[in-house]
1. Can you give me the number of residues within the range 186-207 that are part of a loop (DSSP other than H, G, I, E, B), within 18 Å of the chain's Cα centre (by Cα) and surrounded by 15 or more Cβ atoms within 10 Å (Cβ to Cβ)?
2. Suppose we filter the range 161-184 for residues that are over 16 Å from the mean Cα position of the chain (by Cα) and either assigned to a loop (DSSP other than H, G, I, E, B) or within 26 Å of VAL63 (Cβ to Cβ) (or both); how many remain?
3. Do any residues in the range 221-244 that are in a loop (DSSP other than H, G, I, E, B) have Cβ atoms under 6 Å from those of residues that are open to solvent by less than 20 Å² (accessible area, probe 1.4 Å), where the two are at least six apart or on different chains, and which pairs are they?
4. Are any of the residues in the range 165-180 touching a Pro at 6+ places or on another chain (Cβ under 7 Å) and among the β-branched types (Val, Ile, Thr)?
5. Filter the range 138-148 down to residues that are more than 11 Å from the chain's Cα centre (by Cα) and of a type outside the set (Asp, Glu) and give me whichever is surrounded by the most Cβ atoms within 10 Å (Cβ to Cβ).
Amino acid sequence: MTTPTYDRSQRLAARARRSWRRAVAAGVAAALGMGAAAGALIPGTAGAQVTEPPTSLDLRVLVVSTGDRASDAGLELMARTMDQTGTPYDVLNAATTDLTEATLRDGARGKYNGIILTQADLFTTGGSAFTGDEWRTLHAYERDFGVREAVVAGFPAFSPANDLDYGMGAIGASLRTQGRWARPAGTGRLFSYVNTANTLDILEYSVWGTPRNDGTGPTVTPLLVEDGAADHVLVSQLTYRDGRQVLLSTVGNAW
């Protein structure tokens, strides 16, 4: 079956589907809400960086994992979620498969309208499963085709060699905590369905970061923070100067 495509002049209409059977599903739903479901950016933002604008994007999501479903809990979560919602997707195991330009694009055609990373830095034994060139290839594709990225969980690394900057200064961890949704979450198209009145139990080990917002990295917009500690951000929207957008969740993804 041929993968459907859409013209960049059209805006992809999509809705995030709730899955709150576990507290960790907050991070998963957030990842799908901006990454897989929302698809491409509006033409004229990230795509404006391209000399010859891309003509089409396949309606398909690429999930980049650090292992198979048995060893990567984030991949298991994403695979189950997208199988349930009927979202077309491919999996690239970064530990065993190289990412190349041909993986992502065919001339002016982009092969994916959303990118999901199961781990923020794709950490495996010995470091990131992606080389610096692979990270730059991924980020160039997201910039050139206006494709959003979502991160399921992980450490918000800062690594210039890997072209990684998640915009955080101080970083800490909590074995168990309570989250609270922060505006603009709960408004407009940005998770309008979440309950901003009540706290959300985070039952698993999670990492939090304090946004730098110093002009040297992405602009960080907090969406889910630790209750009583507004600078301890668990889920955030990142906007980079080149137009890329990333939805970052550092909530633990154990079942």
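1. 1
2. In the first step, residues of the range 161-184 are kept if they are over 16 Å from the mean Cα position of the chain (by Cα); the result is 161-162, 169-184.
Going one step further and asking which of them are either assigned to a loop (DSSP other than H, G, I, E, B) or within 26 Å of VAL63 (Cβ to Cβ) (or both), we end up with 161-162, 171, 173, 175-176, 179, 181-184.
Residues in the range 161-184 being over 16 Å from the mean Cα position of the chain (by Cα) and either assigned to a loop (DSSP other than H, G, I, E, B) or within 26 Å of VAL63 (Cβ to Cβ) (or both): 11 in total.
3. So the pair list comes out as TYR240/PRO218; GLY243/ALA46; ARG244/ALA46; ARG244/GLU142.
4. Within the range 165-180, one or more residues are touching a Pro at 6+ places or on another chain (Cβ under 7 Å) and among the β-branched types (Val, Ile, Thr).
5. Here is the first cut: in the range 138-148, the ones more than 11 Å from the chain's Cα centre (by Cα) are 138-146.
Filter once more, keeping what is of a type outside the set (Asp, Glu): 138-141, 143, 145-146.
Numbers: LEU138: 25, HIS139: 19, ALA140: 17, TYR141: 24, ARG143: 20, PHE145: 25, GLY146: 28.
Out of the qualifying residues, it is GLY146.
Yes/no matrix, rows are residues, columns are (1) open to solvent by 20 Å² or more (accessible area, probe 1.4 Å); (2) touching a Phe, Trp or Tyr at 6+ places or on another chain (Cβ under 8 Å):
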position: ALA150; (1), (2): no, no
position: SER159; (1), (2): yes, no
position: PRO184; (1), (2): yes, no
position: GLY209; (1), (2): no, yes
position: SER249; (1), (2): no, no
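The values are calculated or read from the model by the stated rules, or taken from the named source; none is laboratory data. On a predicted model such as this, the values are computed, not experimentally measured, just so you know. With ideal geometry, Cβ positions are generated from the backbone for all residues, glycine too; neighbour counts draw on all protein chains shown. These area figures cover heavy atoms from the full protein model, side chains too; ligands, DNA and RNA do not enter into them. Shrake-Rupley method; radii C 1.70, N 1.55, O 1.52, S 1.80 Å.
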